[in-house]
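*Asks:* Quick one: structure below, then a few questions.
The values are calculated or read from the model by the stated rules, or taken from the named source; none is laboratory data. Everything numeric here is computed off the predicted structure, so don't read it as measured data. A quick note on method: Cβ atoms are made from the backbone with ideal geometry, for glycine too, and the neighbour counts reach across all protein chains shown.
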Amino acid sequence: MEEQIVFETEDGEVLFYVIEETRVNGTNYLLVTDSEEDEADCYILKDTSLPEDREAVYEMVEDEEILAALQKIFAELLDDTDIEM
C-alpha cells in the first residue's frame, strides 16, 4: 500500500491507505484501510466529485446492498487477500 488519502470528517482529518480502486457504472470506488497492520478496518469510499471540483470528494458507502456488491468486486480484484468488512 503506497497511496494515501486524507478524508476530512466533522471531527478532523483521517489518513487512509488505498488498497484498490475500481469503477462501476461510471463511478469510482476506493477500498481503503485506516492502518497498515494486518487487522486493520477496511472501508469503501465513493467518488462524488463534480467535473469542476479541483480535488476528489469521497463519501463512505453505507448502503448494505451496494457494500455487498462492491465487496465481491474487490474480493475478486484481490483474490489473494482475505478481506472482511
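*Asks:* Mind checking which residues of the range 23-33 are more than 14 Å from Glu3 (Cβ to Cβ) and surrounded by 14 or more Cβ atoms within 10 Å (Cβ to Cβ)?
*Replies:* Once the filter is applied, which keeps residues that are more than 14 Å from Glu3 (Cβ to Cβ) and surrounded by 14 or more Cβ atoms within 10 Å (Cβ to Cβ), the range 23-33 yields only Tyr29.
*Asks:* Output the qualifying pairs, or none if there are none: Cβ atoms under 9 angstrom, residues six or more apart or on different chains, first residue in the range 51-63 and under 19 Å from Phe16 (Cβ atoms), second residue in a strand (DSSP E or B) and β-branched (Val, Ile, Thr).
*Replies:* Matching pairs, first to second residue: Ala56/Ile5; Tyr58/Ile5; Tyr58/Val32; Met60/Ile44; Val61/Ile44.
*Asks:* I'd like the residue in the range 1-19 that is under 16 Å from Glu59 (Cα atoms), of a type outside the set (Phe, Trp, Tyr) and surrounded by 14 or more Cβ atoms within 10 Å (Cβ to Cβ) and, out of all such residues, is modelled with the highest pLDDT.
*Replies:* Only one residue tops the list, namely Val18.
*Asks:* Among Leu50, Leu67, Leu45, Leu31, which is part of a strand (DSSP E or B), out of contact with any helix residue (DSSP H, G or I) (no Cβ under 9 Å at 6 or more places or on another chain) and not basic (Lys, Arg)?
*Replies:* Being part of a strand (DSSP E or B), out of contact with any helix residue (DSSP H, G or I) (no Cβ under 9 Å at 6 or more places or on another chain) and not basic (Lys, Arg) holds for just one of Leu50, Leu67, Leu45, Leu31, which is Leu45.
*Asks:* Return the residues of the range 18-28 that are among the aliphatic types (A, V, I, L, M) and out of contact with any helix residue (DSSP H, G or I) (no Cβ under 9 Å at 6 or more places or on another chain); say none if nothing qualifies.
*Replies:* Val18
*Asks:* Across the range 41-68, which residue is farthest from the chain's Cα centre (by Cα) among those that are surrounded by 14 or more Cβ atoms within 10 Å (Cβ to Cβ) and among the hydrophobic types (A, V, I, L, M, F, W, C)?
*Replies:* Ile66
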